[in-house]
1. Cα centroids of segment 186-217 and segment 68-102: how far apart, whole angstrom?
2. Tell me, what is the FRET efficiency for residue 220 and residue 113 to the nearest 0.05, using R0 = 25 angstrom and their Cβ-Cβ distance as r?
3. Compute from the Cα atoms of segment 45-112 the Rg and the Dmax, the latter being the longest Cα-Cα distance, and quote both in angstrom.
């Protein structure tokens, strides 16, 4: 459009003086007018396109906000679905089931007992006269009445810090002076070393016989006796 206008300006004096034919000048004027019209149309199209771009950008931002809201709703829905499933903290077998399929339960309701499979242990009540040589980590031989001929191994995991009587609901009171000496029993927890196929056959309450190898502590008992003798 600018070039066409320059051509009209340059040819106008020539056409007025007769140096150039009038038809040529009229043709240049027509071309200049058409160029202006095309320029105006292009500018209008540009303005319309810019407006459409602004509208589309707003629509894109709105769609992005809707997508974020949908993702947040999906996250909440997944959390709600996961909340309907109770997951046990340990592996084990279900026992003493107290609910039925389809039954509604309230928070805090006892549903079942979970018997662990991976962390089975034996609680053996030894006489207090047998504890002098027992230490955590000592090997233990295990015989289970329900599995005759099967010899399992284990190790002492812990020794209770008190006798079984002291942890009972009504511990004995000897303040009256009527005291009868009774050998007390101390709970000793024994971890079982057994393959999975054996652990799945064990259930709580089974009768078990154990033998603790206390040879590793015999020298320690001799040292204790010597230490007490030196203090005297």
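1. Cα centres, segment 186-217 to segment 68-102: 35 Å.
2. For R0 = 25 Å, the calculated efficiency reads 0.05.
3. Cα-based Rg and Dmax for segment 45-112 come out at 25.1, 79 Å.
Every read-out reported here was derived from the displayed coordinates using simple, explicitly stated rules and does not represent laboratory data. Predicted, not measured: the structure shown is a model, and the values here were computed from it. Heads up, the Cβs are rebuilt from the backbone with ideal geometry, glycines too, and the neighbour counts pull from every protein chain shown.
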